[in-house]
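Asker: I have a structure here, written as structure tokens, and I will follow up with some questions on it.
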2 protein chains.
Amino acid sequence: VRQVIAVDMGGTNIRAARVDATGVILARHTVPTPASASVEIGLDALTEAISAVRDGSEDAAAIACPGPLDTVRGTLVSPPQLPAWRDVPLERLLEERLLLPTHIINHASAAALGEWTFGAGRGTAHMVYIIAGTGIGGGAVAHGTLIEGRAGMALEFGHTCLDPHGPICGCGLLGCVEAYSAGAGITRRAHEAIARGEGAGITEAAAGEAITGESVARAARTGDAAAVQIIATAGEMLGVGVANLLHLFDTEKVVIGGGMTRMGPRYWEPFMIAIARHTLLPYAGVPIVFSELGDNAGLLGAASRALILRSDALHTSNAMP
Amino acid sequence: VRQVIAVDMGGTNIRAARVDATGVILARHTVPTPASASVEIGLDALTEAISAVRDGSEDAAAIACPGPLDTVRGTLVSPPQLPAWRDVPLERLLEERLLLPTHIINHASAAALGEWTFGAGRGTAHMVYIIAGTGIGGGAVAHGTLIEGRAGMALEFGHTCLDPHGPICGCGLLGCVEAYSAGAGITRRAHEAIARGEGAGITEAAAGEAITGESVARAARTGDAAAVQIIATAGEMLGVGVANLLHLFDTEKVVIGGGMTRMGPRYWEPFMIAIARHTLLPYAGVPIVFSELGDNAGLLGAASRALILRSDALHTSNAMP
């Protein structure tokens, strides 16, 4: 059975693994991401994590990276989590160090590919994946092909607009799905409520710590009116956004991962109601399920990309070697 | 050079053509659509139009049809323009009459495929096509493959939501792109303005006829304040919707067809401003152009589908025979 190197490179940790063609993780090693250090120090950390899992039998590597990136040129463009990494030709630099064919892939695309190959989306030809946590991203498979777009930046779902006069998002745009439905947006709405003199239960639930999506959810469970409203709107607006994806992709299955999956019915009931309310009949009834791979989705998606790497049909086939 | 039969079946006319593999229309014939008649009479009309252009050298046929349809089963599901055609297995019925391999394809998908193969999108691997007229539809090509979805209904862009509390659309949903930016939506906004005692210039421009998108546009050109606002909002909201598509598809080119292309700068300037305002930098700068094929886009897309039909790789290749 073939083996490949898979890496999930985040703003906090670099997680490397050796994975076989059936998706079994044979070895794994994690090092902290030197996020504010130079590219050279970052490459050393990547190489260290990868070296710890290599046994010489791997024939390809893929790295799930933060965007924006350019998968055609193989470069990281300007990842906000890695301020020093501007226009870094990561594929070439790693190939020189690893002596393995190496590909980069957008984080959310990797997670989508992981769920499609080894997780909740396997067996489908068409799947939409959403990751909703602090931010919101996504990936889509159509006709058995991961849709990456011209530079690997497709399915930037979190910054699609659900109201051009809506609240400002962390990205500077107005009314993004992420501004309503992700942890950061929920936190922002909570601070606004507190500034208006509402949401006493939110302050209480935070218990002196910084307010997070989770503390707002806790306040909602105790019945705080402002928190209930913020969580319900967050779920509702994610549902409106997913309804848009149903109309656009005519997909077989929607898979949802990320921390928001732990939000409970105060988030997910308004989500399902919004989908019913905003979806035309021929697009309704698509199964919507939570991720099976959890935090390993990106890592296993990188493995899937590395496995495909040796195939002749990188962008046109779902055949696994 | 191979030849195929292409048909564009609309609510008003059935247009049939014999087309060669380079997209040249060698013969064409149009008959009225017997829209309110039985399926049998409709099939007779289709056969009549096709017979008039056949010369025996064709080896495949494709029909651009109104949705909702099911391209996997080869059936029209419930096209609103053809009330009698519910769950009609059109592929099988036509194959029996024509003795040619026959495929159906959604109208807007066909127009997208036509522009991609023979028109403004040729040479790209990634293209988004929008048709904006009385209604709004679309089609997308990614990695050289038309995205049709599980049943051929993908890119129902007109019914993606831009404001869950927005105006009601003809489809019954709220805040659809189509409710703002298509002819029917513009007309509805104009009637509302007149009911409020505004838009005297719209009534004047209609000159006793029914109000249309064109008469509202004429009123806007004379400076009628309500008409100016309606047309500007229509263009702006189409821009917000297209910005969403830029984030989702990371595409190379956007091609726009349909009657709205004749709306002029009062529609298209707010459109371009909205795109600039609602698009993140890495997704900006994508060329946005008008259709090259105009009313022939659907017909030539059906030809492209029929040409691909003989290929071994229907959904995974852009190779033309």
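Just so it is clear, none of the values below were taken in a lab; they were calculated from the coordinates. Keep in mind the model is a prediction, meaning the values are calculated, not measured. Cβ sites come from the backbone with ideal geometry, for glycine too, and all protein chains shown count toward neighbours.
Asker: Sorted by mean Cβ packing within 10 Å, highest first, what order do the peptides B:249-258, B:154-163 take?
Answerer: Descending mean neighbour count gives B:154-163, B:249-258.
Asker: Okay, moving on. Find the all-direction average of the projected area of the Cα convex hull for the range A:69-124, expressing the result in square nanometres with one decimal place.
Answerer: Result: a mean projected hull area of 4.9 nm².
Asker: Still on this structure, I have one more. Roughly how far apart, in whole Å, are the Cα centres of the range B:96-158 and the range A:10-76?
Answerer: 39
Asker: Averaged over its residues, how many other protein chain Cβ atoms are within 10 Å of peptide B:272-279's Cβ atoms?
Answerer: 2
Asker: Further, regarding this structure: If you take every DSSP beta bridge fully contained in the protein assembly as shown, what fraction is antiparallel? Give it as a percent rounded to 5.
Answerer: Taking every DSSP beta bridge with both residues in the protein assembly as shown, the antiparallel ones total about 60 percent.
Asker: Across peptide B:249-258, how many C-beta atoms of other chains are within 10 Å of each residue C-beta, on average?
Answerer: Mean partner shielding for this stretch: 3.
Asker: Quick check: residue separation of A:Arg262 and A:Glu96 times 0.36 nm, minus the Cα distance between them. What number comes out in nm?
Answerer: Computed gain between A:Arg262 and A:Glu96 is 55.6 nm.
Asker: At q = 0.05, 0.07 Å⁻¹, what is the base-10 log of I(q)/I(0) for the protein assembly as shown according to the Debye formula with one equal point scatterer per Cα and no solvent? Please give it to two decimals.
Answerer: With no solvent term, the Cα-only Debye profile gives -0.24, -0.47.
Asker: Can you report the principal axis dimensions of the range B:167-321 using only the alpha carbons, biggest first, rounded to whole angstrom?
Answerer: Projected onto its principal axes, the Cα set of the range B:167-321 covers 61, 37, 29 Å.
Asker: Now, a different point. Taking 41 Å as R0, compute the FRET efficiency from the Cβ-Cβ separation of B:Arg73 and B:Ala210 and round it to 0.05.
Answerer: 0.60
Asker: In a GNM of chain A with a 10 Å cut-off on Cα contacts, which of A:Ala217, A:Ala110, A:Ala200 has the highest mean-square fluctuation?
Answerer: A:Ala200
Asker: Okay, next question. Per the helix-only calculation at 222 nm, which mean residue ellipticity applies to chain A, given -39500 (n - 2.57) for every DSSP H run of n ≥ 4 and division by its residues, nearest 500 deg cm²/dmol?
Answerer: Result for chain A, helices only: -11500 deg cm²/dmol.
Asker: Would you mind giving the mean number of other chain beta-carbons within 10 Å of the Cβ of each residue in B:158-171, as a whole number?
Answerer: Going residue by residue through B:158-171 and averaging, the value is 5.
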